[in-house]
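> Just passing along the structure, written as structure tokens.
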Amino acid sequence: MSDHEYGPLNYVGLPPASAAWREGDAVGSRLFLDTGSFTTDSGFEFPSVRIAYETWGTLNSDRSNAVYVAHALTGDSHVTGPAGPGHKTSGWWEGLVGPGRAIDTDQWFVVCANVLGGCQGTTGPSSLAPDGKPWGSRFPVVTVPDMVRIEHRLTDALGIDTWAIMLGPSLGGMRVLEWMVRYPERVRSGLVLGTTAAVTADEIGTHEVQLSAIRSDPRFHGGDYYDAAEGEGPHVGMGIARRIAHLTYRSERELADRFGRNAQPGEDPYAGGRFEVTSYLDHHADKLARRFDANTYIALTDAMTLYDLGRGRGGVRQALGTITAPLTVVAIDSDRLFPPRLQEELVEFVPGADGLHVVNSLFGHDGFLVEDDQVAAFVAHSLARIP
């Protein structure tokens, strides 16, 4: 499929009501840990939280080569590896993690876990509650600190005293910052890419429009749609949300250069047909419905909206001022979701930062998924700074 040929996807059948991983599905390369009972920042007590994670490489004898990769909003634990039973897609950072790659799994022991609230094995809205039914509408508000506290339990269970480095883009970067403030003795260095210490009004507004689209879908049923027939989930609402989000993930210049005002082949916009960019957005909306869960989209987007590293810590500046370990801060010059000024703030206030590193890209926020060579160079730089 060329850049300009985005028609309906050639999937067989309709998407499921929810594309979440469910009990009885193939586990793929996932491992699971029951972390016990857990109380969220919102005061909700889970009787048990399970975390799904994957590892690559071998932990050395002194446990000093552990690397944690924190995934973004619609990512999961499958950082690298093929699609197949248990994994709907190949690894989301395939070009960065593996033998001989920037994070060389012949040298490093790499771990990535699906976050609390996720839909790929960790306890989330699609997981079964004690009554044997999905949590659905009963799933509570969760925060970035909640996610980090669960990751901390995994760290203890793996017997890792300190992470040599923690790195992540977007929501993953938020968790890296939270780790470095909350558990500074457990993180020797960090890398954050296209992220912020506190979500801005513009981002909150964008998030709210997306979630309103999902909640307004009549097939959402207040979050309790898991027993619906194939194709009967809130795919229309989530598709609208994804279209809105995807426009914030890419840059205006890229869309102009790539699509312009071209009509989709075989269609005439003046006769009710689509522009190429419309077909492109339709493609990504359909694709997400086949691999993600609407309730998880809400839960994780809400967590991002609530994110403020300075809350309860005297403000963002004071909180960032406690990060003395080496931190590599990477911006994407065309990012309109988390623009470079937000990473400049990190550099200004973090004592362990060594200046602003910039990925030059037409691809906007998604540059962290596209610009493998540039990101690999910054990863190499950050690995060289590990004390």
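> Suppose we filter segment 1-40 for residues that are at pLDDT 80 or above, part of a loop (DSSP other than H, G, I, E, B), buried (at least 16 other Cβ atoms within 10 Å of the Cβ) and not small (G, A, S); how many remain?
We begin by selecting, within segment 1-40, every residue at pLDDT 80 or above; these are 15-40.
Within this subset, residues satisfying the condition of being part of a loop (DSSP other than H, G, I, E, B) are 15-30, 35-37, 40.
When the remaining residues are screened for being buried (at least 16 other Cβ atoms within 10 Å of the Cβ), the result is 15-22, 28-30, 35, 40.
Applying the additional criterion that residues be not small (G, A, S) yields 15-16, 21-22, 30, 35, 40.
Number of matching residues: 7.
> Could you list, in sequence order, the residues of segment 136-176 that are assigned to a helix (DSSP H, G or I) and of a type in the set (S, T, Y)? Please lay out each step first, then the result.
Narrowing segment 136-176 to residues assigned to a helix (DSSP H, G or I): 136-138, 144-157, 171-176.
Residues satisfying the conditions are S137, T155.
> Considering segment 119-135 alone, what residues qualify as being outside any loop (DSSP other than H, G, I, E, B) and farther than 20 Å from Y53 by Cβ? Write out each step before concluding.
Here is the first cut: in segment 119-135, the ones outside any loop (DSSP other than H, G, I, E, B) are 128, 134.
Hit for segment 119-135 is P134, nothing else.
> Are there any pairs, at least 6 apart or on different chains, whose C-beta atoms fall under 8 Å, with the first in segment 330-341 and over 11 Å from V358 (Cα atoms) and the second assigned to a helix (DSSP H, G or I) and of a type in the set (D, E, K, R), and if so, which?
R336/E252; L337/E203; F338/E203
> Among the residues of segment 43-86, which ones are surrounded by 15 or more Cβ atoms within 10 Å (Cβ to Cβ) and modelled with pLDDT under 95?
Within segment 43-86, G86 is the sole residue that qualifies.
> Something else: Only one residue in A129, A52, A70 is within 14 Å of F32 (Cβ to Cβ) and among the small types (G, A, S). Which one?
Working: A129 fails: within 14 Å of F32 (Cβ to Cβ); A70 fails: within 14 Å of F32 (Cβ to Cβ).
After applying the criteria, what remains is A52.
> I've got another one for you. Which residue, of G28, G91, is among the small types (G, A, S) and either under 30 Å from A377 (Cα atoms) or in contact (Cβ under 8 Å) with a residue 60 or more places away in the chain (or both)? Give the steps one after another, and end with the answer.
Values: G28 fails: either under 30 Å from A377 (Cα atoms) or in contact (Cβ under 8 Å) with a residue 60 or more places away in the chain (or both).
Selected residue: G91, the only one of G28, G91 that is among the small types (G, A, S) and either under 30 Å from A377 (Cα atoms) or in contact (Cβ under 8 Å) with a residue 60 or more places away in the chain (or both).
> Could you grab me the full set of residues in segment 340-351 that are out of contact with any Lys or Arg (no Cβ under 7 Å at 6 or more places or on another chain) and either in a helix (DSSP H, G or I) or surrounded by fewer than 19 Cβ atoms within 10 Å (Cβ to Cβ) (or both)?
P340, R341, L342, Q343, E344, E345, L346, V347, E348, P351
> G321: on the phi > 0 side of the Ramachandran plot and of a type outside the set (D, E), yes or no? Please lay out each step first, then the result.
Numbers: on the phi > 0 side of the Ramachandran plot: no; of a type outside the set (D, E): yes.
It is false that G321 is on the phi > 0 side of the Ramachandran plot and of a type outside the set (D, E).
> Here's another thing I want to ask about it. Report every pair of residues separated by at least 6 positions or lying on different chains whose Cβ atoms are under 8 Å apart, first residue within segment 346-367 and on the phi > 0 side of the Ramachandran plot, second part of a loop (DSSP other than H, G, I, E, B) and modelled with pLDDT of 95 or more.
Listed by first residue and then by second, the contacts come to G364/R250; G364/S251; G364/S334; G364/D335; G364/R336; G364/L337.
> Continuing with the same structure: Please determine, by comparing only the residues of segment 352-387 that are out of contact with any helix residue (DSSP H, G or I) (no Cβ under 8 Å at 6 or more places or on another chain), among the charged types (D, E, K, R) and surrounded by 15 or more Cβ atoms within 10 Å (Cβ to Cβ), which one is nearest to V187 (Cα to Cα).
Per the stated criteria, the residue is R385.
The values are calculated or read from the model by the stated rules, or taken from the named source; none is laboratory data. Quick caveat, the model's predicted, so the values are computed rather than measured. Because the Cβ atoms are built from the backbone with ideal geometry, glycine has one as well, and the counts that use them run over all protein chains shown.
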